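The values are calculated or read from the model by the stated rules, or taken from the named source; none is laboratory data. Since this is a predicted model, take the numbers as computed values, not measurements. Backbone-built Cβ (ideal geometry, glycine too); neighbour counts: all protein chains shown.
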Amino acid sequence: MSRRAARESAFLLIFERITAGEKNALTLELLKKKTAEEAGYLDAVYNGVDEKLAFLTEAVARYSKGFSADRIYKADMSALLLAAFEILFMDDVPDRVAINEALELIKIYSTEKSSAFVNGILGGIADNKEAILAPPAEEEESESGEAEKV
């Protein structure tokens with residue numbers, strides 16, 4: 001199996017995770033057998049997305065102009081979360097590859113109009129990767145006792 005097949009398996013697992021609201025170890029094991037050559041990638045992506053779900057959802061929402069995260073089609077959100085994780089946390093996956101692979105998944109699992117929407121969000125995430133990953137500014141207390149951003 002190829003990285004593409006493992007990515008599709010990861011997409012399906014993420015879809016199941018956000019639809020059901022929890023991880024499913026049985027599905028993970030079944031899909032790992034199918035993508036045995038890329039099982040490490042599958043584990044890393046699936047567990048990484050699960051661990052950073054709130055952070056990734058916030059990043060997607062920031063660049064989805066006019067749509068709150070809960071209004072995005074689940075298939076689109078699954079592809080967005082997967083690609084956002086690859087862009088932000090996987091140095092061995094070029095940003096362009098993560099975006100193109102997400103668009104290929106969208107062509108199969110979503111609507112015709114979704115490609116442009118997903119491409120725009122992922123482009124924003126890729127272009128602003130450093131800002132997204134930068135730690136938030138710390139707050140210091142001023143002499144008046146109020147918190148100030150540094």
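Taking the listed residues Val93, Val45, Val97, Val60, the one that is under 11 Å from the mean Cα position of the chain (by Cα) and within 15 Å of Arg3 (Cβ to Cβ) is Val45, with no other qualifying.
Taking first residues from region 93-115 that are touching a residue at least 60 places away in the same chain (Cβ under 8 Å) and partners that are hydrophobic (A, V, I, L, M, F, W, C) and buried (at least 18 other Cβ atoms within 10 Å of the Cβ), the Cβ contacts under 6 Å between residues at least 6 apart in sequence or on separate chains come to Leu105/Phe11; Leu105/Ala79; Tyr109/Ala75. Only residues that are within 18 Å of the chain's Cα centre (by Cα) and either closer than 30 Å to Pro136 by Cβ or touching a residue at least 12 places away in the same chain (Cβ under 8 Å) (or both) were counted in region 1-42, giving 22.
For region 81-137, which residues satisfy the criterion of being in a helix (DSSP H, G or I), loosely packed, with under 12 Cβ neighbours inside 10 Å and of a type in the set (Asp, Glu)? Listed by number, the list holds a single entry, Glu130. Scanning region 82-113 for residues that are at pLDDT below 95, more than 20 Å from Glu51 (Cα to Cα) and not basic (Lys, Arg) turns up Thr111, Glu112.
Annotation: of all residues in region 62-80 being among the polar types (S, T, N, Q) and surrounded by 14 or more Cβ atoms within 10 Å (Cβ to Cβ), the one that is farthest from Gly48 (Cα to Cα) is Ser64. Comparison of Ala61, Ala79 shows that the only residue that is in contact with a helix residue (DSSP H, G or I) (Cβ under 8 Å, 6 or more places away or on another chain), over 23 Å from Val97 (Cβ atoms) and at pLDDT 90 or above is Ala61.
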